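**Q** Sharing a structure with you now.
The values are calculated or read from the model by the stated rules, or taken from the named source; none is laboratory data. Bear in mind that the values here come from a model prediction, so they are computed numbers and not experimental data. Cβ sites come from the backbone with ideal geometry, for glycine too, and all protein chains shown count toward neighbours.
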Amino acid sequence: MKYFSLNTARRVAGDQRGITMLEVTLILAALVVVSAAAAPTVLRVVNDANGRNARAELEGLYDSVMGDMEAQTYGFMGDLGRFPNTLDELMMQIDQPFFVRSEISGVGYGWNGPYVSTGRTPTDFQIDPWGNPYDIGVAGYGQVRSYGPNGLPDDADDILYPALPVDPYGSLIVLVKGHSGEAVVNSPEGCTVTLHYSNSGEAATVFTELPPFSFEFVHRGLHEVEATCLAFTGELVTETSVVGIRGGGAQQTVELHLELGEEASTGSPESDPASDVAADGDDAEVTSWD
């Protein structure tokens, strides 16, 4: 017969006592060492992911300001003719004129926002992935910036989009063609060409009576162009069209065709100064309306 003594029970219990305090301490120390070694790698991975997200959000903010050519939109700049002074202007109508459309061409002027998605909160679009506010920077440059992981301005980890200041202006040449029967008169006498544009959201105009009919520093966006000429019958005739200005210093060219009547023309169809200017411009783009 075998007897189970108290000493035997204690030995069994001692063999199954589990992890000692010393072993726990050693495990924790090892985890600390591994964590310390892995922390820079983890932080770099997180910052890389945040950086990609920040760049995507900055591009979205830029598109809300300047529009998207593939989507044929012109953003805040196209509607108001200027850069926003603050990011709030992209979401809220702050003392800007209400949006109105031309009854003739349908071109609009004034605040037509919101230009951005609000996200989870009304100000979510203004906060970068590190929890810091985006900065619109100098209002006339058209750039937006994240201060990066450290949240400090004007240092090496800032993310700026686009990399260079934005030129929102282009030039426009209007070719006026007067039709008299089968004859075509280039730049007929007695014509006035008017450009309608947005001046801080207000409809504004500028005109010229001298060919070649050209306009400089036209802001990016859709614009209504109108030619009024004196027909051979003594009446005024008008033609209107819409032209899109891309900005970036690009030159756009548009043709307007007017019926002058059947009387003889004194203009010369062989020479058109505006056509010569357009032909010399590498960026000229001619669109005809018959």
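**Q** Tell me, which strands (runs of 3 or more DSSP E) lie completely within segment 159-206 with 3 or more residues that are closer than 22 Å to GLY113 by Cα and touching a residue at least 40 places away in the same chain (Cβ under 8 Å)?
**A** Output list reads 191-199.
**Q** Can you confirm whether GLU224 is part of a strand (DSSP E or B), buried (at least 19 other Cβ atoms within 10 Å of the Cβ) and of a type in the set (D, E, K, R)?
**A** yes
**Q** Right, next: Being exposed (fewer than 13 other Cβ atoms within 10 Å of the Cβ), more than 32 Å from the chain's Cα centre (by Cα), at pLDDT below 75 and more than 30 Å from ILE127 (Cα to Cα), is that true of even one residue in segment 37-57?
**A** Yes.
**Q** Can you go through ALA71, ALA30 and tell me which one is at pLDDT below 90 and within 14 Å of the chain's Cα centre (by Cα)?
**A** When all the criteria are applied, what remains is ALA71.
**Q** May I ask you to say which residue of ILE94, ILE136 is modelled with pLDDT under 90 and more than 26 Å from ALA49 (Cα to Cα)?
**A** Result: ILE94 is the single residue among ILE94, ILE136 that is modelled with pLDDT under 90 and more than 26 Å from ALA49 (Cα to Cα).
**Q** Turning to a different aspect of this structure: Just the residues that are assigned to a loop (DSSP other than H, G, I, E, B) and at pLDDT below 90, please, taken from segment 121-133.
**A** Result: THR121, PRO122, THR123.
**Q** Show the residue pairs meeting these rules: Cβ distance below 7 Å; 6+ apart or different chains; first residue within segment 79-98 and under 14 Å from TYR109 (Cα atoms) and polar (S, T, N, Q); second residue modelled with pLDDT of 95 or more and part of a loop (DSSP other than H, G, I, E, B).
**A** Qualifying pairs under 7 Å: GLN96/GLY110; GLN96/GLY201.
**Q** I would also like to ask the following. Residues SER198, SER214: which one is more than 14 Å from GLY81 (Cα to Cα) and of a type outside the set (Asp, Glu)?
**A** SER214
**Q** Taking the residues in segment 92-131 that are β-branched (Val, Ile, Thr) and surrounded by fewer than 15 Cβ atoms within 10 Å (Cβ to Cβ) as candidates, determine which candidate is nearest to GLU202 (Cα to Cα).
**A** Result: VAL100.
**Q** Inside segment 165-183, can you point out the residues that are closer than 22 Å to GLN252 by Cβ and not charged (D, E, K, R)?
**A** Matches in segment 165-183: PRO165, VAL166, PRO168, TYR169, GLY170, SER171, LEU172, ILE173, VAL174, LEU175, VAL176, GLY178.
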